[in-house]
Amino acid sequence: MTESTIAAEDIPVLEVTDLEVRFGSGGATVYAVNGVSLSMRAGETLALVGESGSGKSTIAKAVVGLVEPAAGEVLLRGRTQAAQRVHRDKATRADIQMVFQNPVGSLNPFMTVEQNIAEPLRNRGVGKAERGARVRELLDMVGLDADTVGARRPGQISGGQAQRVSIARALATEPAVLIADEAVSALDVSVQATVLNVLRRIVDQQNVAMLFISHDLAVVRNVSDTVAVLHLGQLCEIGPTEAVLSAPAHHYTAALRAAVPEPGVPLGDPGMTDADPPSPRIKPTGCSFRDRCLAATALCAAERPALTMVGPDRGVACHHPLERAARAADPVPSTLGAPA
Amino acid sequence: MTATASETLALEVRDLEVNFVSGETVTYVLEGVSLDVRQGEAVGIVGESGSGKSVFARTILGIRPRGSVVDIHGSIRVAGADQLAATDAEIRSRAGDLASMIYQDPMSSLNPTVRVWRQIVEAITNRRRVRRDDARAQAVELLRSVGVPDPEARAMAYPGEFSGGMLQRVGIAAAIASHPDLLLADEPTTALDVTVQRRVLDLLDDVRAASGMGLVLVTHDLGLLADRTDRTVVMYAGRIMETGPTGIVASTPAHPYTRGLLAAIPRLSGPIQRELPAIGGSLPPLSAPRAGCPFAARCPVVQERCFTERPPAVTVADGHTAHCWAVADDQEASR
């Protein structure tokens, strides 16, 4: 990770190209991911957001090699990777690590905190003395004291501490890519803040690329550099997080943003119809959001909108994107210049 | 919050203490909680895990955990009727009549092998003999009233045939079937997507406005209460920390815990926070009664007496109360 030649920096650490994932077959096929391309650089956090069924976790599984894509490729530092994890070499497996939603359930309950973190090191043949030192270092990285929590078991520490332990374990193999799949969703807000701060610091200091999967737009805003908005396995919009969230170009992004309740802030216009998202069992045609979209036309049913660049690093897949002027008229009321 | 003498409160809880006794170990879950809910009023109870908010809701309804003895002190009245003096049989026989509950996961609170119409009218058909056709017609009407499209056909479906949001509407229909005086909703939208959450909360607003029942909305999400409840109650480690009008608690919280909680919530508006202000430390053990203030060990404005003396209820403004020594000092100084 420390080899910082300019050429190496230019190659994305992780790329996903035209990814398609299906589950089942025949009439029971679920079209989970339908042609998604993503690219990540070292030290960058890419957030995947969307509702349940948007395909965000499936993309993560394809990256790790836990599901086999129907089409598309996963590339690590420009090299195409085998679809299945078992067919990937040891170094590649170590390079992509994952943190899950349930921290206690993802640790071995019979091992101490130290043993849990040391296990991936032992698997790589790291000697005992070195392991001990490295475990201390890893615990320090996530803000935990080895003397206090090291000898405890996952059941004896709090949820927030357990999640920091699983982050430390994921970092043990010095991965280039860290995937956090709803890693703070099960935590209380007061604890969530600590874990988010730890993740941010790790991305900055360890120069890893983080794929941050979340349904929570407010969390995503405060943790990611780039955001990709997914709806039923299709990429709606991608771009710098603040630009996308402050002035969405896709109607789905705008609707998703309008639905987030904030303390003391009344909700704005929903910006979408009452329709439920269409079934992922139907082979997608056109734009997947059209039934819920207020701006949909016949074109949206006939033709799938291609991802078009609308600004620097900013892409939107919509036949009738929100104009920049409309986007600037943000639904959040400004307190400045309000008549007394 | 003072009710007129003639008005019967939808809910009246006084000094509720709940301890779970399991063998030798005692868990002190609620330590003296009082709450009034008027008819037609919506009150939000917000708290993190371990705050006792769910146990509070369940105790009101008469649901006790299996496998442990529950030691309850204080009083609970729902629409004037004493809930604690009632026997289990009485509680069961009037289930749904006085108070009913909407649960977090509609998929697991409904029976997957029974058509939804039967489950919606269960609270009615369990007590009275109702003709099958009449019962089904009632269920269809209820489904229509909670906004389920094509209610005649959907009444015949099984829970697994609904989406999460639609199924929570079925849960609401079942909860309001026998016109309860009090509706308790325990994290009713936590399992749902935000876009669906909004519609379910809108429905709860409509149902309350139409029926005039009291609503207690239990949640971990302070943001969700804006515009939805008249008052907010903030709970921590089995105690009420702060009570006040929802808008006031969210904009000018008095208690240090509420302030910390609000600061830790990532925001969609305002400056981006690269370093979120976390609340250090963790919940005190519930295996012993909390001396003084339960938040003392994590509190930024802690004083010595916070560890030993239980803080008084300090009135900050009309209807806005905080249980805190620091707030008490501030009030004293400004007097």
Verdict on residue B:332 being without any contact (Cβ under 8 Å) to a residue 40 or more places away in the chain, among the acidic types (Asp, Glu) and either assigned to a loop (DSSP other than H, G, I, E, B) or surrounded by 19 or more Cβ atoms within 10 Å (Cβ to Cβ) (or both): no
Could you list, in sequence order, the residues of the stretch A:240-253 that are surrounded by fewer than 24 Cβ atoms within 10 Å (Cβ to Cβ) and more than 8 Å from chain B (Cβ to nearest Cβ)? A:240, A:241, A:243, A:246, A:247
When residues of the stretch B:104-137 are limited to those that are open to solvent by 70 Å² or more (accessible area, probe 1.4 Å) and either within 20 Å of the chain's Cα centre (by Cα) or in the same structural domain as residue B:219 (by TED's automatic domain parsing) (or both), the one farthest from residue B:152 (Cα to Cα): B:104
If you check B:181, B:206, B:150, B:202, which single one turns out to be open to solvent by 20 Å² or more (accessible area, probe 1.4 Å), farther than 28 Å from residue A:275 by Cβ and of a type outside the set (Lys, Arg)? B:181
Only one of (1) in a helix (DSSP H, G or I); (2) surrounded by 13 or more Cβ atoms within 10 Å (Cβ to Cβ); (3) away from every other protein chain (no Cβ under 12 Å) does not apply to residue B:259, and that is (3)
Scanning the stretch A:127-143 for residues that are free of Cβ contacts under 8 Å to residues at least 40 places away in the same chain and buried (at least 22 other Cβ atoms within 10 Å of the Cβ) gives A:135, A:138, A:139
Residues of the stretch A:26-69 being crowded, with 19+ Cβ neighbours inside 10 Å, out of contact with any helix residue (DSSP H, G or I) (no Cβ under 6 Å at 6 or more places or on another chain) and part of a loop (DSSP other than H, G, I, E, B), which ones? A:42, A:44, A:51, A:53, A:54, A:55
Condition set on the phi > 0 side of the Ramachandran plot and within 12 Å of chain B (Cβ to nearest Cβ), scope the stretch A:254-298, selection surrounded by the fewest Cβ atoms within 10 Å (Cβ to Cβ): answer is A:264
Which ones in the stretch B:45-63 are surrounded by fewer than 24 Cβ atoms within 10 Å (Cβ to Cβ) and of a type in the set (Lys, Arg)? B:58
Residue list for the stretch B:30-44, filter: open to solvent by 10 Å² or more (accessible area, probe 1.4 Å) and assigned to a loop (DSSP other than H, G, I, E, B): B:38, B:39, B:40
Picking from A:124, A:164, the residue that is buried (at least 22 other Cβ atoms within 10 Å of the Cβ) and either within 12 Å of another protein chain (Cβ to nearest Cβ) or out of contact with any Pro (no Cβ under 6 Å at 6 or more places or on another chain) (or both) would be A:164
Complete set of residues in the stretch B:23-39 that are of a type in the set (S, T, N, Q) and closer than 16 Å to residue B:55 by Cα: B:27, B:34
Test result for residue A:237, charged (D, E, K, R) and buried (at least 21 other Cβ atoms within 10 Å of the Cβ): yes
Just wondering, is there one or more residues in the stretch B:194-204 that are assigned to a helix (DSSP H, G or I) and away from chain A (no Cβ under 14 Å)? no
For the stretch B:205-223, the count of residues that are part of a helix (DSSP H, G or I) and either more than 14 Å from chain A (Cβ to nearest Cβ) or modelled with pLDDT of 90 or more (or both) equals 8
Some residue of the stretch B:150-162 being over 23 Å from residue A:268 (Cα atoms), touching an Asp or Glu at 6+ places or on another chain (Cβ under 9 Å) and at pLDDT 90 or above: yes
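For the stretch A:81-107, which positions are polar (S, T, N, Q) and at pLDDT 95 or above?
Of everything in the stretch A:81-107, just one residue is polar (S, T, N, Q) and at pLDDT 95 or above, namely A:97.
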When only residues in the stretch B:281-314 that are among the polar types (S, T, N, Q) and loosely packed, with under 14 Cβ neighbours inside 10 Å count, which is farthest from residue B:256 (Cα to Cα)? B:287
If you take the residues of the stretch A:198-220 that are assigned to a helix (DSSP H, G or I) and open to solvent by 10 Å² or more (accessible area, probe 1.4 Å), which of them is farthest from the other protein chains (Cβ to nearest Cβ)? A:206
When the stretch A:107-121 is checked residue by residue, the ones that are buried (at least 19 other Cβ atoms within 10 Å of the Cβ) and either of a type in the set (A, V, I, L, M) or touching a residue at least 60 places away in the same chain (Cβ under 8 Å) (or both) are A:107, A:113, A:117, A:118, A:121
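The values are calculated or read from the model by the stated rules, or taken from the named source; none is laboratory data. The structure presented is a predicted model; accordingly, all values stated were derived computationally and were not measured. Neighbour counts are summed over all protein chains in view; Cβ atoms, including those assigned to glycine, are modelled from backbone coordinates with ideal geometry. Please note that ligands, DNA and RNA were not included when accessible areas were found on the heavy atoms of the full protein model with its side chains. Shrake-Rupley method; radii C 1.70, N 1.55, O 1.52, S 1.80 Å.
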